[in-house]
Amino acid sequence: MKGKLIIIEGIDGSGTTTQSFLLYKNLKKKFKKVLLTKEPQNKKIINLIKETKDPIADLFFFLADRFLHYKKLKKFLEKGYIVISDRSFPSTYAYQFYYGGLRKIFKEDIIKKLDKISRNNIEPDLVIILDIDPKIAIKRLKNKTKKSKVKKFEKIKILKIVREGYLYYSKKFGWKIMDGEKDILTINKEILEILEKL
């Protein structure tokens with residue numbers, strides 16, 4: 001791959017969308033080939049995710065969405081684009097596997113294999129986890145004017161467990177943990193400083 005894939009992650013309300021957009025705006029000033037994207041993508045699949053209460057169904061819906069998404073991303077990466085994704089596969093580990101109880105059903109190796117297949121073995125150059133107290137996240141979510149696409153996870157009990165999942169897998173996979181409670185522009189500046197070292 002010629003381009004770079006940067007994924008910004010965190011629990012609902014952590015600021016992934018805001019930081020993804022700010023990063024896009026900053027990079028667009030310096031580079032022509034910059035793409036901002038997010039997951040989930042497919043509207044039909046999003047509607048199915050909203051309706052289901054089954055963690056296994058959720059997993060496969062998200063994987064299906066990711067498979068279609070990464071087919072598109074591969075073309076941009078091959079053309080040398082810097083791709084910024086607001087959420088991606090780390091959400092599967094934190095939400096579906098760690099919180100959703102799939103670790104009681106599947107071995108982690110199975111999830112790894114399914115995930116890699118869904119993204120055509122494309123690995124990110126950087127994964128940033130915006131870490132934030134779930135209580136603060138809930139306050140932010142209540143103040144949002146736009147509702148998220150999949151808001152069934154926006155509960156403090158859920159976000160506490162999901163946060164644990166992000167922190168656990170960050171240590172395991174080497175994802176970069178950042179303080180998501182800092183000022184928006186401060187976080188943006190720190191992300192740009194990390195990118196300069198890539």
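Could you please give the count of residues in the stretch 79-94 that are in a strand (DSSP E or B) and not small (Gly, Ala, Ser)? Of the residues in that region, 4 qualify. The combined condition, being farther than 27 Å from Ile194 by Cβ and either part of a helix (DSSP H, G or I) or not hydrophobic (A, V, I, L, M, F, W, C) (or both), is fulfilled by Phe60.
For the stretch 92-114, filtered to residues that are of a type outside the set (Phe, Trp, Tyr), surrounded by 21 or more Cβ atoms within 10 Å (Cβ to Cβ) and out of contact with any Pro (no Cβ under 9 Å at 6 or more places or on another chain), the residue that is farthest from Leu68 (Cα to Cα) is Ala94.
Only a single item in (1) over 24 Å from Ile6 (Cβ atoms); (2) surrounded by 15 or more Cβ atoms within 10 Å (Cβ to Cβ); (3) touching a residue at least 60 places away in the same chain (Cβ under 8 Å) is not met by Leu73, and it is number (1).
Among all positions in the stretch 153-173, there is no residue which is in contact with a strand residue (DSSP E or B) (Cβ under 6 Å, 6 or more places away or on another chain), closer than 19 Å to Pro90 by Cα, at pLDDT 95 or above and of a type in the set (A, V, I, L, M).
Report, by residue number, each residue of the stretch 38-65 that is acidic (Asp, Glu) and under 21 Å from Tyr98 (Cβ atoms). Result: Glu39, Asp54, Asp58, Asp65.
Within the stretch 4-34, can you find the residues that are outside any helix (DSSP H, G or I) and farther than 23 Å from Ile177 by Cα? Within the stretch 4-34, Phe31, Lys32, Lys33, Val34 meet the criteria. Quick check: is even one residue across the stretch 96-113 of a type outside the set (Lys, Arg) and under 15 Å from Ile7 (Cα atoms)? No, the stretch 96-113 has no match at all. Pairs meeting the criteria (first residue in the stretch 164-193 and closer than 18 Å to Asp125 by Cβ and part of a loop (DSSP other than H, G, I, E, B), second residue at pLDDT 95 or above and of a type in the set (Val, Ile, Thr), beta carbons under 9 Å, at least 6 apart or on different chains) are Gly174/Val127; Trp175/Ile7; Trp175/Val127; Trp175/Ile128; Trp175/Ile129.
The values are calculated or read from the model by the stated rules, or taken from the named source; none is laboratory data. Keep in mind the model is a prediction, meaning the values are calculated, not measured. Neighbour counts run over all protein chains shown; Cβ positions are idealised from the backbone, glycine included.
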